[in-house]
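Here's the structure we're looking at; comments come further down.
The values are calculated or read from the model by the stated rules, or taken from the named source; none is laboratory data. Since the structure is predicted, the reported quantities are computational estimates derived from the model, not experimental observations. Note: ideal-geometry Cβ built from the backbone for every residue, glycine included; neighbour counts use all protein chains shown. Side chains are part of the model used for accessible areas, which takes the heavy atoms of the whole protein and leaves out ligands, DNA and RNA. Shrake-Rupley method; radii C 1.70, N 1.55, O 1.52, S 1.80 Å.
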Amino acid sequence: MKIAVTYADGQVYQHFGHAAQFKLYTVESGMILDTAVVDATASGHSAMVSYLQRQGVNTVICGGIGGGAVSALAGAGIRLFAGATGSADQAVLALLAGKLVHNPEAAKGHC
């Protein structure tokens, strides 16, 4: 599994569409094998989702996210966990422990 977290200064960045970086986590058998911080080189929902697909991402953790991005991720078959806050590393650990939940309200108010 490859997880992308919107990222800034160790924290989950709070808007998918404006993220300048992602922290990528390569996970196997519930263990984090590798991490890398990468610049978001794409602009726009479709381009951003295509970029994540090329990185092999199948799960995204973020703060807020707009409806267009939600649709683009769903269309690409990428699982979404919106509404996360705090440490990016802790959010991934919560996901791996089955304790991170998607908050559909996190899409409200974002474009």
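Things worth noting here:
- Test for LEU73: is it open to solvent by less than 10 Å² (accessible area, probe 1.4 Å) and within 21 Å of VAL101 (Cβ to Cβ): yes
- Among the residues making up the range 5-43, those that are of a type outside the set (A, V, I, L, M, F, W, C), out of contact with any helix residue (DSSP H, G or I) (no Cβ under 8 Å at 6 or more places or on another chain) and in a loop (DSSP other than H, G, I, E, B) are ASP9, TYR13, GLN14, SER29, SER43.
- Taken over the range 38-96, the criterion of being farther than 21 Å from MET1 by Cα and either acidic (Asp, Glu) or in contact with a Cys (Cβ under 7 Å, 6 or more places away or on another chain) (or both) is satisfied by GLY66 alone.
- Scope the range 87-100; condition open to solvent by 30 Å² or more (accessible area, probe 1.4 Å) and within 17 Å of GLN14 (Cβ to Cβ); matching residues: SER87, ASP89, GLN90, LEU100
- Enumeration of residues in the range 49-68 that are part of a helix (DSSP H, G or I) and modelled with pLDDT of 90 or more: VAL49, SER50, TYR51, LEU52, GLN53, ARG54
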